[in-house]
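Beneath this line is the structure, given in structure tokens, with notes to follow.
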Amino acid sequence: MVFSYLTYGQAQSDENHKANQQQVKVKIFPNPAVSVINILGLTDTEKAIIIVTDIYGNTVLRHEWEIRNQALNVSVANLEKGIYGISILSPEQHINTKFYKQ
């Protein structure tokens with residue numbers, strides 16, 4: 001008889017990992033944006049790094065802000081028209097998403 005300890009341990013580990021993961025629903029609007037993007041559904045924190053990158057991965061905006069009321073407003077008025085990535089990094093969460101600048 002052969003026991004599969006590794007498989008059992010891995011399955012148990014995967015279940016624990018899924019239970020510990022939080023599904024975060026972040027809403028960005030308006031999308032496409034003209035001058036400001038609003039981001040809702042964030043975790044409040046004293047210090048979050050916000051990085052906006054172009055489609056080539058170049059950083060075009062970088063700010064450090066406090067997130068209050070689970071929301072953030074980012075000015076994108078100076079960006080060229082196109083698709084951008086936005087990362088919100090804090091000790092509480094890491095969010096990566098995209099938006100379109102009109």
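The numbers here are math on the coordinates, done by the rules we state, and not lab data. Keep in mind it's a predicted model, so treat the numbers as computed, not measured. Backbone-built Cβ (ideal geometry, glycine too); neighbour counts: all protein chains shown.
A search for C-beta distances below 8 Å between a residue of the range 84-102 that is free of Cβ contacts under 8 Å to residues at least 12 places away in the same chain and any residue that is part of a strand (DSSP E or B) and not β-branched (Val, Ile, Thr), counting only pairs 6+ apart in sequence or on different chains, returns His94/Ser87; Asn96/Gly85; Asn96/Ser87.
The number of residues in the range 29-42 being farther than 15 Å from Asn69 by Cα, among the β-branched types (Val, Ile, Thr) and surrounded by 14 or more Cβ atoms within 10 Å (Cβ to Cβ) comes to 1. When the residues of the range 54-83 are filtered to those that are in contact (Cβ under 8 Å) with a residue 40 or more places away in the chain and among the small types (Gly, Ala, Ser), the one that is surrounded by the fewest Cβ atoms within 10 Å (Cβ to Cβ) is Ala77.
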